[in-house]
Amino acid sequence: MTIEELLSLEAGAAQKFHQTWLGYTETQGSSELRNVVAQTYQTIGHDNVLIHAGAEEAIFIFMNIALQPGDHIIVHFPCYQSHASIAQSIGCEVDWWKSCEDDHWELDLDWLRGAIQPNTKAIVINCPHNPTGYVMSRAKLEELVAICRQHHILLFSDEVYRLLEYRDEDTLPAACDLYENAVSLGVMSKTYGLAGLRIGWIATHNREAYQAMAEFKDFTSICNSAPSEFLATLALRNRDQIIQRNRAIIAANIEVCDRFFANHMDLFNWRAPKGGSTAFPSLKQGIDVEEFCNDLVNQQGVLLLPSTYFDYGDQNFRIGLGRKNLPECIEKLSAYLKTNHFDSVTQSG
């Protein structure tokens, strides 16, 4: 969305935006913004919300206040790189809680129980999941919380795609609403499609973690952009309208992908995601995915992210479902397949 589109959601918003004071903002985030963020949770008040300059800062700060060299963490895998690399840079041992395409990307709780060590400090999950679009069941989330509570382990729950589940019944409670030692991560970039605002947050009932993160932030961004906080507050007041808009874009794009992959079943494995704006199909016939993606972007200008960049084999690739021009990109992908004679192994349709 543009600033003009966002301001049009409320009468008088443009005038108020022009009157925004450009001094330093509150280090924890404006009270108005924290209030509206808190309204997206069930048990969270504004004192449980800490605003950051995007999600990346929040991940970095959490890892630095929660972990020490020699600690052990378990990370939902494949993953956003920062979920693991920051802990590794601190000197922590990282175990991958690996999900597999053949198992519909399901997480194995029995494996998790066996992976927990005496020095396990945190478990990191991401749901809806980037890149696979996996959404766990509520029963599985509640069992995961019970495991964390039993072992007194912090649960860092990356929920940046939360509320982009395709069916309302698949929308999970935020981890911070279920567990006193959970830290939930949110951001304006994914569900709301407003990445340029650079506004993220954490929500938690753990006062020790909250205070440590707030103090650490004094040495990173200190405070956030005043115009961004105003616009984020406006967007969250109108979140239902924005989420409905973004869900509609994704739903239309999934229909396009369903048709495309149905016509190319000999070349691709495709499983439609359950939430978020990414999917993680794979190539068949032993085709190297990095070579495939490099050729595609060089010949057609269409960018897919190969699984090698997730350290996850050489067959999968991430496709983004959040842009309105996806049908045009799929047409170019089809043209690439024909030009390079992949069409000889595809099904007609």
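The values are calculated or read from the model by the stated rules, or taken from the named source; none is laboratory data. This one's a predicted model, so the numbers in the text were calculated from it and none came from an experiment. Positions of Cβ are backbone-derived with ideal geometry, glycine not excepted, and every protein chain shown enters the neighbour counts.
Overview of values
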read-out	value
Count of residues meeting criterion [of a type in the set (S, T, N, Q) and over 18 Å from L109 (Cβ atoms)] in the range 150-166	0
Residue match in the range 21-32 (condition: in the same structural domain as S225 (by TED's automatic domain parsing) and in a helix (DSSP H, G or I))	yes
The range 314-346, subset touching a residue at least 12 places away in the same chain (Cβ under 8 Å) and of a type in the set (G, A, S), residue farthest from E290 (Cα to Cα)	G322
Conditions (1) closer than 20 Å to W21 by Cβ; (2) assigned to a helix (DSSP H, G or I); (3) small (G, A, S); (4) more than 19 Å from the chain's Cα centre (by Cα); number of the one not met by S221	(2)
Among the residues listed as I65, I74, I51, the single one being in contact with a Leu (Cβ under 8 Å, 6 or more places away or on another chain) and either outside the structural domain of M188 (by TED's automatic domain parsing) or within 28 Å of R113 (Cβ to Cβ) (or both)	I74
Flag if L6 is buried (at least 20 other Cβ atoms within 10 Å of the Cβ), within 30 Å of T308 (Cβ to Cβ) and out of contact with any Cys (no Cβ under 8 Å at 6 or more places or on another chain)	no
Qualifying residues in the range 12-36 (those that are more than 18 Å from R239 (Cβ to Cβ) and of a type in the set (A, V, I, L, M)) - the one surrounded by the most Cβ atoms within 10 Å (Cβ to Cβ)	A14
Boolean, F260 is out of contact with any strand residue (DSSP E or B) (no Cβ under 7 Å at 6 or more places or on another chain) and either modelled with pLDDT of 95 or more or not assigned by TED's automatic domain parsing to the domain that holds R34 (or both)	yes
For C92: the one exception among (1) touching a residue at least 60 places away in the same chain (Cβ under 8 Å); (2) crowded, with 21+ Cβ neighbours inside 10 Å	(1)
Test: residue in the range 224-237 that is touching a strand residue (DSSP E or B) at 6+ places or on another chain (Cβ under 8 Å) and either at pLDDT below 95 or more than 17 Å from T40 (Cβ to Cβ) (or both)	yes
Flag for V297 being over 20 Å from the mean Cα position of the chain (by Cα), of a type in the set (A, V, I, L, M), surrounded by fewer than 14 Cβ atoms within 10 Å (Cβ to Cβ) and assigned by TED's automatic domain parsing to the domain that holds N246	yes
Top-ranked residue in the range 150-195 [being over 21 Å from G54 (Cβ atoms) and of a type in the set (F, W, Y); ranked as surrounded by the fewest Cβ atoms within 10 Å (Cβ to Cβ)]	Y166
